[in-house]
1. Quick one: 3J(HN,Hα) in Hz for the stretch 107-121, Karplus 6.51/-1.76/1.60 with θ = phi - 60°, rounded, Gly and Pro as x.
2. Where does each of 29-40, 62-73, 12-23 land if you order them by average Cβ count within 10 Å, highest first?
3. Quote the relative contact order of the chain in percent (integer), defining contacts as alpha-carbon pairs under 8 Å separated by 6+ residues.
4. Quick one: if the Förster radius is 41 Å, what FRET efficiency do Glu76 and Leu38 give, using the C-beta to C-beta distance and rounding to 0.05?
5. Helix 53-65 versus the longest principal axis of the chain: what angle, 0 to 90°, nearest 10, using Cα atoms?
6. For helix 28-37, what angle does its Cα long axis make with the longest principal axis of the chain, in degrees from 0 to 90 and rounded to 10?
7. I need the phi-derived Karplus couplings for the stretch 75-88: 6.51 cos²θ - 1.76 cosθ + 1.60, θ = phi - 60°, integer Hz, Gly and Pro marked x.
8. Taking 0.36 nm per intervening residue step and subtracting the Cα-Cα distance, what contour gain separates Glu161 from Val173 on full extension?
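Bear in mind these aren't lab numbers, they're just calculated from the coordinates by the rules spelled out. Only a predicted model underlies this, so the values are computations on that prediction, with no experimental measurement involved. Quick reminder, even Gly has a Cβ in these numbers, built from the backbone with ideal geometry, and neighbours come from all protein chains shown.
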Amino acid sequence: MGVHAFADESVRDRLYLVSAALVAPTEVHQLRVAMRRLRMPGQREIHLKTEKAPRRRQLLDVVVGSGVQVSIYSAEHAKIGQEHARAACVHQLVVDLADKGAGRLVLDSRPGRDHLDARTIWAALGTRPGAVLRFDHADSASEPLIWVADVIGWAHGAGGEWRRRVAPAVTCVNDCTP
């Protein structure tokens, strides 16, 4: 089975970002364990936006040091709205994953709106006859690999020092603005 992708979104000013951490199936368990160990006592999940700068640096160093690769998709949402921007990003992500022969995509769940992602995913897969990509949504508290996408996506979106710090993990940045 091909690479697994774990995706999370972030909104920065005019940009809607979808970050996808690409993980080999043989590395999924080990990276999950490593991410769980990074939680502070009582912490259910990791979100970089809620962390202080020293802790952000620590988390970024560990994630980048793991060798994980992250693809970033962005679209300007000011004129088209966040849902359309998300759909453009998810569509291109799915096309790219299908072209790579990826086996699975897990997106951070958005209760009441997951069906919109499913519609976008099916449409994207329809442009790639023969592509097989399993997908589902998970609550980020239950899937530590979504935290990887959150950490890298947040830092990339923040720019400056944060973007430079995660540059080794970011394999591509795709503008999906329609």
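1. Those phi angles translate into 10, 4, 5, 10, x, x, 10, 4, 4, 5, 5, 4, 4, 5, 5 Hz.
2. Listed from highest to lowest mean packing, they are 12-23, 62-73, 29-40.
3. Once divided by the residue count of the chain, the mean separation gives 37 percent.
4. Calculated value: 0.80.
5. 60
6. Orientation of helix 28-37: about 40 degrees from the principal axis.
7. Karplus values, whole Hz, x for Gly and Pro: 8, 6, 9, 4, 8, 10, x, 5, 5, 5, 5, 4, 4, 4.
8. 2.6 nm
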